[in-house]
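First comes the structure, then the notes that go with it.
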Amino acid sequence: MASRQSRTRTTPGEAAAGYTELLANYRRQPIKTVRESPTITFPEYRRRVRRYRPSNLLPELAALATAGGITGTPVVESVGARSWAIAMAARESILWGNDHQRADVTSDALRELFNASNNIFELDMTPDDPTAEDVLGLLVRLAYQQFASQLSEFQEVTRSHPMLVDGTSEIPLDVLTEQSWVDILGGSLGQVVGATFFLQAAARVGRGWIDLDELDRDDLKPVLDLWPREVIERRALDLTATFEEFKTAYQSVRQPPTGFEQYAYNPLARTPLIRMPEGRLLAPQPDLILATVSPSGLYHAGGRVYGYGTGFTSDFGRLNEYYVGKQLRAIAAGVAVHPEIVYFERKQELKSVDWFLDLPGVLVLFEAKAGRLDAVERVAVQDYLHKTRELVGKAIRQLQRSSDAIDAGRPEFAHLSADNPGSA
């Protein structure tokens, strides 16, 4: 058996290179016919992933994800192997794959796998009314699955320090200080962001592989002067899971209903580095590394330490509100930005929206919220609208109440521009 496998096994990265070339040829050639691909269920997709040994498939996925080099969009992004499809295939391989399989990962195997991910069929949640279509639910699912991959990861990360560090010295908070981020992350936020960026760059250079022994290289001494070795190593450890730890993390959250498994929680979002059986570190989708120090990633990092629904989440909301105001003030010189107004009505204390942007001819109202849907609510089934209304309902009421107070000419709002005909 061993000799049979050795005759057919491909060189690491060969399948990814072949698939990339296949897509390049596909783009150069005109499409003569279009065939409708058959839909498949998610269990069938999972069976297709399980055909391949994780020790072979995961490195090929990483090589595919890094086909664009250190920066830039991978060339495979334009057709077929979307970043979320790579992450999903990696998740299913880690969860259900084993190294007893005989099938080899080839360029054709990758093509079939990504075609299959595009053709997964969702079960009908309204079988009694075949004409009913939950378009909003579909858009919610696609948004959480795909939109994060379309954001600029660098712009997202650059928001972290001005939002979560600068604000701690400007507004009163219950829990968060600069020291809090040291407690949460094992280093200052600036150091950890830098160390995380270094790990993502290393993963891209290494086609997904990270070797911390490379830190001994002389040419990396300037890097260690900026980001101490212990911070980089601690960060790598925090972002790493074994196969068993990955499986435990997957089972620790609520699972979506049957037919929507493709939208289930992917632990790569928390631990994008996997310790392979031989001990090496691999990032199957390196783009997920830097996302761990985006504001959203840091929200969950702090929540795991301080707990959700505590002083931490309240502070995070205040910092988010502060950051919105800071950005509004940066729009243009001389534009007035007014903060929240507290007033009383029938002896009841009321609060306006968070910010008023006073532009010539129009007054714009802003209410900032930092609520989150959980893993199942993001699948947009089982009364997800109730949670959504709960999260944004207060904001809508504040917007309407503030607009009504302005229109009624309440004295607390008199300092807002008088030449504006109304609010928006």
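For the stretch 143-193, which GluC sites (Glu not before Pro) are both in a DSSP coil and crowded by at most 12 other Cβ atoms within 10 Å?
Here the GluC sites (Glu not before Pro) that fit, given the DSSP loop and packing criteria, are Glu170.
Based on DSSP H runs of at least 4 residues, each adding -39500 (n - 2.57), what is the mean residue ellipticity at 222 nm of the chain after dividing by all its residues, to the nearest 500 deg cm²/dmol?
Mean residue ellipticity, 222 nm, calculated: -14500 deg cm²/dmol.
Sorted from fewest to most neighbouring beta carbons within 10 Å, what does the list Arg53, Arg204, Arg229 look like?
If I rank by nearby Cβ atoms, fewest first, I get Arg229, Arg53, Arg204.
Can you classify the stretch 193-283 as rounded, prolate or oblate using the Cα gyration tensor, where a ≥ b ≥ c are the square roots of its eigenvalues, rounded means a/c under 1.5, and otherwise it's prolate if a/b beats b/c and oblate if not?
Taking the square roots of the gyration eigenvalues as a ≥ b ≥ c, the stretch 193-283 is prolate.
Packing-wise, with mean Cβ within 10 Å as the measure, how do 303-315, 55-67, 269-281 rank, highest first?
55-67, 269-281, 303-315
Counting only residues 5 or more places away or on other chains, whose amide H sits under 5 Å from the amide H of Leu359 once H atoms are built in the peptide plane?
The answer is Val364.
For the chain, what proportion of DSSP beta bridges, expressed in % and rounded to the nearest 5, is antiparallel?
Roughly 75 percent of the beta bridges in the chain run antiparallel, per DSSP.
Can you return the lysines within cross-link range of Lys394? Criterion is Cα-Cα under 16 Å, with same-chain partners fewer than 8 residues away left out.
Lys351, Lys369
Please express the shape of the chain as an equivalent ellipsoid: the semi-axes are the square roots of 5 times the eigenvalues of the C-alpha gyration tensor, given largest first in whole angstrom.
44, 28, 20
In what sequence do Ile210, Ile171, Ile341 fall when counting other Cβ within 10 Å, fewest first?
Fewest to most other Cβ atoms nearby, the residues stand as Ile171, Ile341, Ile210.
Assign unit charges at the C-beta atoms only (+1 for Lys and Arg, -1 for Asp and Glu), then state the dipole size of the stretch 331-413 relative to its Cα centre in Debye, rounded to the nearest 20.
Approximately 200 debye in magnitude.
For a test of the definition: using alpha carbon positions, the gyration tensor, and the 1.5 limit on a/c, classify the stretch 331-413 as rounded, prolate or oblate.
In terms of gyration-tensor shape, oblate.
Helix 83-96: angle to the longest alpha-carbon principal axis of the chain, degrees 0 to 90, nearest 10?
Its long axis makes an angle of about 60 degrees.
Mind checking the angle between helix 107-118 and the chain's longest principal axis? C-alpha axes, 0 to 90 degrees, to the nearest 10.
Between the helix axis and the principal axis of the chain, the angle is about 40 degrees.
What size of dipole, in debye to the nearest 20, comes out for the chain about its Cα centre when the only charges are +1 on Lys and Arg C-beta atoms and -1 on Asp and Glu C-beta atoms?
Charge dipole, the chain, about its Cα centre: 1140 debye, nearest 20.
Just the ratio, please: alpha-carbon radius of gyration of the stretch 191-349 over 2.2 N^0.38 Å, N its number of residues.
1.38
From the residues Val182, Gln101, Thr240, which one has its Cα farthest along the dipole of the chain in the positive direction, the dipole being from +1 and -1 charges on Cβ of Lys/Arg and Asp/Glu about the Cα centre?
The Cα lying farthest towards the positive end belongs to Gln101.
Readers should treat all values here as calculations from the given coordinates under stated rules, not as data from a laboratory. Only a predicted model underlies this, so the values are computations on that prediction, with no experimental measurement involved. Backbone-built Cβ (ideal geometry, glycine too); neighbour counts: all protein chains shown.
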